[in-house]
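Have a look at the structure below before the remarks.
Bear in mind that the values in this text are calculations on the coordinates, not laboratory data. Quick caveat: nothing in here was measured; it's all calculated off a predicted structure. With ideal geometry, Cβ positions are generated from the backbone for all residues, glycine too; neighbour counts draw on all protein chains shown.
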Amino acid sequence: MTQKTCKDLVQENYNDRLEQIRTEEEAPFLGFDYVEPHTFEGQEVGYYRYQMSWGGPSDEFRLHDNKSKIEYWYLDWYDGASIEVDDFEVVDLMNFHIESHKEKKLNPFHLRTYF
């Protein structure tokens with residue numbers, strides 16, 4: 001039996017994640033950050049990354065500085081594949097985190113107040 005590649009699995013895994021985002025009270029979340037250009041070999045452009053899982057396999061959404069489309073990435077050891085997505089739930093999720101990230105960068109002393 002041949003093991004499936006990330007290219008074989010990316011659409012199915014995206015559909016599962018989208019269903020989670022649509023039906024669960026909170027979207028799956030591991031972290032959100034900005035990956036600077038040249039962080040990885042061959043990576044010319046920076047991108048915002050919303051991670052849902054890490055390790056092998058892992059998955060994340062990316063919005064590159066030079067693109068207007070969001071990509072869903074499914075990654076496993078030494079393999080990876082992506083598809084462009086435009087479901088409004090994903091767009092809203094990314095926009096929310098990008099705006100929050102920018103706000104924190106503009107106001108680094110923004111601290112949460114606990115009562």
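Per residue of the stretch 53-67, what does 6.51 cos²θ - 1.76 cosθ + 1.60 with θ = phi - 60° give for ³J(HN,Hα)? Whole Hz please, x for Gly and Pro, Karplus curve as stated.
8, 9, x, x, x, 9, 8, 7, 9, 9, 10, 7, 4, 9, 10
Show me the ranking of peptides 59-72, 5-18 by mean Cβ neighbours inside 10 Å, starting with the highest. Mind dumping the intermediate values first?
On the way: 59-72: 17.2, 5-18: 15.3.
Answer by packing, highest mean first, reads 59-72, 5-18.
Once both axes come from the Cα atoms, what is the angle between helix 6-23 and the longest principal axis of the chain, in degrees from 0 to 90, rounded to 10?
Taking the Cα atoms of the chain, the angle to 6-23 is about 40 degrees.
What order, most packed first, do the peptides 37-46, 79-88 have when packing is the mean number of other Cβ atoms within 10 Å of each residue?
Listed from highest to lowest mean packing, they are 79-88, 37-46.
From the phi angles alone, apply the Karplus equation (6.51, -1.76, 1.60; θ = phi - 60°) to the stretch 88-102 and give each ³J(HN,Hα) in whole Hz, x where the residue is Gly or Pro.
Each residue of the stretch 88-102 in turn: 4, 5, 6, 4, 4, 4, 5, 4, 4, 6, 5, 4, 4, 5, 5 Hz.
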